[in-house]
1. Note down all Cβ pairs under 6 Å where the first residue falls in the range 109-132 and is open to solvent by 70 Å² or more (accessible area, probe 1.4 Å), the second is in a loop (DSSP other than H, G, I, E, B), and they're at least six residues apart or on different chains.
2. List pairs: first residue in the range 32-46 and among the polar types (S, T, N, Q), second residue open to solvent by 40 Å² or more (accessible area, probe 1.4 Å) anywhere in the structure, Cβ distance under 8 angstrom, at least six positions apart or on different chains.
3. Would you confirm whether any residue within the range 81-91 is touching a Phe, Trp or Tyr at 6+ places or on another chain (Cβ under 6 Å) and not in a loop (DSSP other than H, G, I, E, B)?
4. May I ask you to list the residues in the range 18-49 that are in a loop (DSSP other than H, G, I, E, B), open to solvent by 80 Å² or more (accessible area, probe 1.4 Å) and closer than 20 Å to Ile83 by Cβ?
5. Cβ-Cβ below 9 Å, separation at least six or inter-chain, first residue in the range 76-103 and over 20 Å from Ile54 (Cβ atoms), second surrounded by 13 or more Cβ atoms within 10 Å (Cβ to Cβ) and at pLDDT 90 or above: which pairs?
6. Just wondering, is there one or more residues in the range 53-61 that are aliphatic (A, V, I, L, M) and either in contact (Cβ under 8 Å) with a residue 60 or more places away in the chain or not in a helix (DSSP H, G or I) (or both)?
7. Determine, yes or no, whether Tyr82 is touching a His at 6+ places or on another chain (Cβ under 7 Å), within 25 Å of Arg10 (Cα to Cα) and open to solvent by less than 80 Å² (accessible area, probe 1.4 Å).
8. Residue under question is Lys11, and the condition is that it be open to solvent by 30 Å² or more (accessible area, probe 1.4 Å), touching a residue at least 60 places away in the same chain (Cβ under 8 Å), outside any helix (DSSP H, G or I) and more than 22 Å from Ala130 (Cα to Cα); does it hold?
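The values are calculated or read from the model by the stated rules, or taken from the named source; none is laboratory data. A quick note: this is a predicted structure, and the numbers were derived from the prediction, not measured. Because the Cβ atoms are built from the backbone with ideal geometry, glycine has one as well, and the counts that use them run over all protein chains shown. Quick note on the areas: whole protein, heavy atoms, side chains included, nothing else; ligands and nucleic acids left out. Shrake-Rupley method; radii C 1.70, N 1.55, O 1.52, S 1.80 Å.
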Amino acid sequence: MLLKYEMFNRKSISTPMETNLRLCAHERKDLEDPTIYQQLVGSLIYLTMTRLDILFAVGVMSRYMQKPKKPHLEAIRRILRYIKGTVNYGLIYKKGEECEVYGYCDADYAGDHDTRRSTTEYVFSLGSTAIS
């Protein structure tokens, strides 16, 4: 994916999304060809099956599939740069480890800049490995 979207030679970064990033559906002009953005988001959605660390960022970016803007494309490219630096990350399930289920959740109030909807996130772990 990094080669296909010409991100292999870019510098890697340590986070998939800027802290306190505020994207808007109405800022700046539409991309001339939204196909690249839509293909990137689709590829990243597929990758989230094994990479839970990008799940939130990809979910936010999928909100702009209909009319993506330049800042949205830049944010997607940031996720790719993060993936470049974390290509060896993945889920490991260890045999014989304690099998207790743990769950955590968090939410923001009216955090979506466009709709003022809240966002809730959660993680469930089986032992020390995230499963959802």
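1. Pairs found: Tyr109/Ser118; His113/Arg22; His113/Cys24; Arg116/Ala110; Phe124/Ile131; Phe124/Ser132.
2. Gln38/Met65; Ser43/Met1
3. The answer is no, given that none of the residues of the range 81-91 is touching a Phe, Trp or Tyr at 6+ places or on another chain (Cβ under 6 Å) and not in a loop (DSSP other than H, G, I, E, B).
4. The answer is Glu18, Thr19, Met49.
5. Hits for this filter: zero, empty list.
6. No, that holds for no residue.
7. no
8. For Lys11, the condition - open to solvent by 30 Å² or more (accessible area, probe 1.4 Å), touching a residue at least 60 places away in the same chain (Cβ under 8 Å), outside any helix (DSSP H, G or I) and more than 22 Å from Ala130 (Cα to Cα) - is met.
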